[in-house]
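Trainee: My questions all concern the structure below.
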Amino acid sequence: MSKDKPLEGEKRVFMTGNEVVAWAALAADADIMFGYPITPQNEIMHYWTRLAPKFGRDFLQTEDELSAGFTTLGGVLAGRKSFTATAGPGNTLMQEPMSMAEAMRLPMVAIITQRGGPSTGTVIYSQQEVTMTTLGGNGEGLRIVYSTATHQELFDYTIKAFNTAWKYRFPTFVLGDGYQSKMRESLTMYDPAERGIKIIPPEPYFGKPGVPGVDRPPSQLRNTYNMEEELYEVVEHYLRDYSKMAPEVAEYHAYYVDDAKLVVVAHGVVARAALMAVRELREEGYKVGYFRPVTLRPLPEKELREVAARTPKFLVAESANGQLARLLKEGAYGCTTEMLPLFRPGMGITPEEIITEVKKILG
Amino acid sequence: MSRFFFFCRSALGGISTRVVEAYTGEYASGKSEVAINRALDLAQEGRQVTLVDLDIVEPCYTLRPLKKMLSSKGLAVLAWETREVGGLGETGNVLRAENRWALKRPGDIILDVGYGVEGAKTLNLLEGAKTDPDLRVLLVLNITRPMTGSVEDILAYIRQMGRVDGIINNTHLGDETSVEIIQQGARVVTEAARRSGIPVVATTAVRELAALIGPEDCLGNPVRAIDRYMPGAFW
């Protein structure tokens, strides 16, 4: 490992998901991580703290997640690429700083490794933090959420999350889960520059050149307003920015949807099982398709509606009690596709379970 | 010769016939897989074997889900069972009383010591760990793990580990493992072993690849064929 550059060229490696995130944050030129321990996120911190001193990066452990969230925002205000990682009840506590990031348009990056809930639940796995990560906090959910499925994606999307956040100035999340955190899998790590990925540099919010109000607008950062109208004007402006950004950021994968009688919809690690199931069912002659939103917020609404418009049935498979399904129902409102549930809150879903369910539905 | 002597002393030297091995190493280096295979190989020879889960950081992710299967193959497995504990994870795990006294049991003892450098300190909690004449602490290394990817990284890692009596080259890339990557691991690990003065005990390889490599790797280290059990410990 070089002392100057964390990654040179490309290398096939075997890692756990949490380590992948720490390396990706290095590759994305992250300056500092703020964090508070919680399983299954811990090794993101462990590996970051082992790697950071070798490459001149920093780390601060705070007294809780509320503080970890706010210090991450402080880092951003100072013009440092800052990130944090948390899970479950830690994610709950962080909603206030995340909401402030929406209010002040601060590009914080947070890695969420979903665990079972409600409350302390299990340390192991779930997809039960979808609602909270996409729409938590008071306000309008002005966030970007990438839901990853593989270690390669954890690497790619952690890098991308920093770029998206600093480009659009909305808080950006990589939504993983405990399985992805602890799973061992191979992937290719690379130096983004060598793949033509331009890393967007951070900039401070204060102390910019010129006289405020004369040479440039003043840096007035607020998360509090006197009257409804003042706030309304700001929120309307943010919502316009968000709508403009949405089609540029939204991502999805769709396979075999053209002639499908049923489309299996899943996100994150469950999408792996869904794709395996769909491929096997196709081999058996079943007309089934696969649709996976990669961004859960903004949702790839146009493409979702196109698929929903021509497919009689969706089977929504998720390790939660309909948190993805709620987003889909809103996104596809008015489409007549029937949304059938395969909900297993806090439990993994296997390709076999999906195959069995599809066969039960299609006969 | 010295390596051979080291490897077989317990079995052939007449001092003791006990095999007592502690498998340590970087997080996700393959300690559990190598330990399980070693325990099963010994049991296959008709020996009495106890396999001990010494991961007190993350017992939810280690041998626990495989306990029943491994017991059915003739091993005594000392590990928590789900119903015995309230809240696996950060709610605080304790060392099972039976595990603490594992070294006092008759027969061979294979210790699976989880969670890297910090986890390796768990070994200090075992009764007799400092005085057991047969105990060998073996470091499991996979060079496709970036933290132990080069000779320098491995040497730095060994310095943090405390006691290490032998090294296992467990280089692999999961389902993508090739003979070349295992041999590359053998070269890097053996060089690190030479510079640290610690012997290489074995190179491991899944059965199909072990057959292609033969009884020794490209640097003359004995090859241990292994089967993969740990993927079954997840879901």
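Trainee: May I ask for the distance between the Cα centers of region A:110-186 and region B:152-207, given as a whole number of Å?
Mentor: So the separation of the two Cα centres works out to 34 Å.
Trainee: Run the reach check for A:Lys5 against aspartates and glutamates, Cα to Cα strictly under 20 Å, same-chain hits fewer than 8 apart removed. What comes back?
Mentor: A:Glu19, A:Asp29, A:Asp31, A:Asp58, A:Asp156, A:Asp191, A:Glu194, B:Glu152, B:Asp153
Trainee: From the helices alone, meaning DSSP H stretches of at least four residues, give me the mean residue ellipticity at 222 nm for chain B, per-run term -39500 (n - 2.57), in deg cm²/dmol to the nearest 500.
Mentor: Calculated from helices alone, the mean residue ellipticity at 222 nm is -9500 deg cm²/dmol.
Trainee: Something else about it: Sort B:Val189, A:Val294, A:Val20 so that the residue with the fewest other Cβ atoms within 10 Å of its own Cβ comes first and the one with the most comes last.
Mentor: A:Val294, B:Val189, A:Val20
Trainee: Kirkwood hydrodynamic radius (Cα pairs, Å) of chain B?
Mentor: 17.8 Å
Trainee: Mind checking which aspartates and glutamates have their Cα closer than 12 Å to the Cα of B:Lys67? Skip sequence neighbours fewer than 8 apart in that chain.
Mentor: Cα-Cα hits under 12 Å: B:Asp53, B:Glu81.
Trainee: Would you work out which of A:Ala87, B:Thr204, A:Pro209 lies farthest towards the positive end of the dipole of the protein assembly as shown? Charges go on Cβ: Lys and Arg +1, Asp and Glu -1.
Mentor: Ranked along the dipole, the leading option is B:Thr204.
Trainee: With θ set to phi - 60°, apply the Karplus curve 6.51 cos²θ - 1.76 cosθ + 1.60 along region A:143-153 and write out the HN-Hα couplings as whole Hz, x wherever there is a Gly or Pro.
Mentor: 9, 10, 10, 9, 9, 8, 10, 9, 5, 4, 5
Trainee: How many partner chain Cβ atoms sit within 10 Å of a residue's Cβ in peptide B:169-179, on average, as a whole number?
Mentor: That works out to 2 on average.
Trainee: Based on the inverse mean of 1/r over its pairs of different Cα atoms, what is the Kirkwood hydrodynamic radius of the protein assembly as shown, in Å?
Mentor: 25.8 Å
Trainee: Place a +1 charge on the Cβ of each Lys and Arg in region A:63-181 and a -1 charge on the Cβ of each Asp and Glu, then give the dipole magnitude about the Cα centre in debye, rounded to the nearest 20. It would help to have the intermediate numbers written out before the result.
Mentor: Numbers: 8 positive and 10 negative charges, 90 e Å.
For region A:63-181, the charge dipole is close to 440 debye.
Trainee: Over all directions, what mean area does the Cα convex hull of region A:218-258 project, stated in square nanometres?
Mentor: Its average projected convex-hull area is 5.1 nm².
Trainee: If you count, for each residue, the other Cβ atoms within 10 Å and average over each peptide, how do B:128-134, A:272-278 line up from highest to lowest?
Mentor: Final packing ranking: A:272-278, B:128-134.
Trainee: Enumerate the lysines that A:Lys359 could reach by cross-link, defined here as Cα to Cα under 16 Å, with residues fewer than 8 away along the same chain left out.
Mentor: A:Lys261, A:Lys287, A:Lys313
Trainee: Next up: Please identify every one of the GluC sites (Glu not before Pro) in region A:59-148 that sits in a loop by DSSP and has no more than 12 other beta carbons within 10 Å of its own beta carbon.
Mentor: Qualifying residues, ordered by number: A:Glu63.
Trainee: Relative to the Cα centre, what is the charge dipole magnitude of the protein assembly as shown, using +1 at the beta carbon of each Lys and Arg, -1 at the beta carbon of each Asp and Glu, and rounding to the nearest 20 debye?
Mentor: 980 debye
Trainee: Write down the Å³ per residue value for the convex hull defined by the alpha carbon atoms of region A:1-157.
Mentor: Numbers: hull volume 16.6 nm³, N = 157.
Convex hull volume per residue, Cα atoms: 106 Å³.
Trainee: Still on this model: Can you sort A:His46, A:His151, A:His237 by how many other beta carbons sit within 10 Å, fewest first?
Mentor: A:His237, A:His46, A:His151
Trainee: Find the centroid of the Cα atoms in region A:61-76 and in region A:287-329, then give the distance between the two in whole Å.
Mentor: 34 Å
Trainee: A further question on this structure: Net charge near B:Val49: determine it from the other residues with C-beta under 12 Å of the C-beta of B:Val49, scoring Lys and Arg +1 and Asp and Glu -1.
Mentor: So the surrounding residues net to +1.
Trainee: Here's something else I'd like to know. State the extension gain, in nm to one decimal, for the chain segment bounded by A:Glu236 and A:Asp191, taking 0.36 nm per residue of separation less the distance between their alpha-carbons.
Mentor: Values: separation 45, 0.36 × 45 = 16.20 nm, distance 3.87 nm.
That works out to 12.3 nm of additional length.
Trainee: Same structure, new question: Please give the direction-averaged projected area of the C-alpha convex hull for region A:142-222, in square nanometres with one decimal. Walk me through the numbers on the way to the answer.
Mentor: Values: hull surface 30.7 nm².
Value for region A:142-222: 7.7 nm².
Trainee: Oh, and also: Have a look at the DSSP beta bridges in region A:231-363 and tell me what percent are antiparallel, nearest 5.
Mentor: Antiparallel bridges: around 20 percent, rounded to the nearest 5.
Trainee: Note down the net charge around A:Pro201, summing +1 for each Lys or Arg and -1 for each Asp or Glu among other residues with Cβ under 13 Å from its Cβ.
Mentor: Within the 13 Å Cβ shell, the charges total +1.
Trainee: Take peptide A:12-19, look around each residue's Cβ out to 10 angstrom, count Cβ atoms belonging to other protein chains, and average those counts.
Mentor: Going residue by residue through A:12-19 and averaging, the value is 6.
Trainee: Can you put B:Glu58, A:Glu306 in order, fewest other beta carbons within 10 Å first? Let's see the in-between values first.
Mentor: Details: B:Glu58 22, A:Glu306 16.
Placing the least packed residue first, the sequence is A:Glu306, B:Glu58.
Trainee: If each residue of separation counts as 0.36 nm, what is the full-extension length gain between B:Asp165 and B:Ser196 once their alpha-carbon separation is subtracted?
Mentor: Between B:Asp165 and B:Ser196, full extension yields 10.1 nm more.
Trainee: Hey, could you get me the Stokes-Einstein D for region A:66-160, Kirkwood radius over alpha-carbon pairs, 25 °C and 0.890 mPa s, rounded to whole µm² s⁻¹?
Mentor: Translational diffusion coefficient: 179 µm²/s.
Trainee: Could you work out the Kirkwood radius for region A:31-110, taking every pair of different alpha carbons, averaging 1/r and inverting it, reported in Å?
Mentor: 12.3 Å
Trainee: Let me ask something additional. Summarise the partner chain shielding of B:131-141 as one whole number: the mean count of Cβ atoms from other chains within 10 Å of each residue's Cβ.
Mentor: Taking the mean over all residues of the peptide, I get 0.
Readers should treat all values here as calculations from the given coordinates under stated rules, not as data from a laboratory. Because the structure is a prediction, the values reported are computed rather than measured. Neighbour counts are summed over all protein chains in view; Cβ atoms, including those assigned to glycine, are modelled from backbone coordinates with ideal geometry.
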